[in-house]
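What follows is a single structure, written as structure tokens, with notes after it.
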Amino acid sequence: MITPVRRALAVCALGAALAACTTQAPRAVRPAPAPTTTASPSTPPTLAPGPGGLTPVFRHGSRAHGRTVALTFDADMTADQGTRAAAGERFDNPGLITALRTLKVPATVFMTGRWAEEYPEQARAIGRDPLFEVANHSYSHYAFTDDCYGLPTVSGDRMREDVERAYAVFRTVGVPDAMPYFRFPGGCYDRRALKALTPAGVTAVQWDVVSGDAFATDAEAVSRQVLEGVRPGSVVVMHCTRSAAPTTERVVRTVVPELRERGFRFVRVSGLIGS
């Protein structure tokens, strides 16, 4: 039988034990490790698949994360233009690349596989220059939809193959680490094209500023169009082909100092997607 005295002593003992627990110094707790990521620091940033798992489409970067802008240049050459190149037509533009280097402007060059075959030394030099990044503009520069600026079309069952063929050419000519970014020839795409390229794992890159340099002869007008259109996070589309865009080098030499004066910083497309 527990007497009132023993019960009181037991309660006191229990209270003392609890008090001792609450005043005991806590054990040191080792901080949790910092979270890690499975992606390598050198892995290019890409967008998650779009609705239904379709190839995602990127048009411009954040409007709120600083005054950044990406200049992009399409190195176009259609698969059937070899005879024109052999006859002396120039689809390259070394002066433009020199201007970008002189001005120290990072840029993304969307290159067709056929262009890289025609100018392998230039493709390799661009691809190995840390100022630039090479992205995919298809092998053939055939359109991925019908009725796209008069371009020949590639069939739906050949779209992925056309993209992967361009990457194979880049490797052959010595372009290391071409980016997983793809620009549709003519900028033309539809749901069928996005679905066809899903297995390729690329991010489709469009633009929000059309320079108007294609077939233009008035460098001032092109420069004005770029300067009026650029906003924070903009992607500007221009061309790296002398015969089709003869004013582009002069445009770059005009707009780069002006945009820098306005506080803009130039980045590659990967910089915009990564932010």
Could you state how much accessible area SER155 has, in square angstrom rounded to the nearest 10, with a 1.4 Å probe and all protein chains kept in place? 60
First compute the accessible area of the chain with a 1.4 Å probe, then give the percent of it belonging to carbon and sulfur atoms. 56
Arranged from highest to lowest average of other beta-carbon atoms within 10 Å per residue, in what order do the peptides 193-203, 252-262 appear? 193-203, 252-262
Could you please report the charge total around VAL57, scoring K, R as +1 and D, E as -1 over all other residues with beta-carbon less than 13 angstrom from its beta-carbon? +2
Using 0.36 nm per residue, how much length does the chain from THR198 to THR43 gain when fully extended, once their Cα-Cα distance is taken away? 53.9 nm
So how tilted is helix 219-229 from the main axis of the chain? Cα-based, degrees 0 to 90, rounded to 10. 20
If eta is 0.692 mPa s and T is 37 °C, what Stokes-Einstein diffusion coefficient results for the chain, Kirkwood Rh from Cα pairs, in µm²/s? 155
Sorted by accessible area with a 1.4 angstrom probe, largest first, how do ASP157, ASP213, ASP208, ASP218 fall? ASP157, ASP218, ASP208, ASP213
Chain lengthening between ASP129 and ARG84 when straightened (0.36 nm per residue, less Cα-Cα): 13.3 nm
So for the chain, taking the charge dipole from beta-carbon charges (+1 Lys/Arg, -1 Asp/Glu), which of ASN136, PHE91, GLY263 sits furthest toward the positive end? GLY263
Overall form of the stretch 136-217 per C-alpha gyration tensor (a/c, 1.5; a/b vs b/c): oblate
Which stretch or stretches of the stretch 245-275 have amide N atoms under 16 Å from the point lying 7 Å from ASP208's Cα along the Cα→Cβ direction? 264-275
Between 0 and 90°, nearest 10: helix 248-261 axis offset from the chain longest Cα axis: 40
Structure-based [θ]222 nm, the chain - -39500 (n - 2.57) summed over DSSP H runs of at least 4, per residue, nearest 500: -11000 deg cm²/dmol
Taking only protein heavy atoms into account and a 1.4 Å probe, give the accessible area per residue of the chain in Å². 52
Can you list residues whose amide H is under 5 Å from THR112's amide H, if they're 5+ apart or on another chain and H is modeled 1.01 Å from N? ALA75, MET77, HIS137
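The values are calculated or read from the model by the stated rules, or taken from the named source; none is laboratory data. Given the structure is predicted, the values throughout are model-derived calculations rather than measurements. For neighbour counting, all protein chains shown are included, and Cβ atoms are generated from backbone atoms with ideal geometry for every residue, glycine included. Heavy atoms of the whole protein, side chains included, go into the accessibility calculation; ligands, DNA and RNA do not. Shrake-Rupley method; radii C 1.70, N 1.55, O 1.52, S 1.80 Å.
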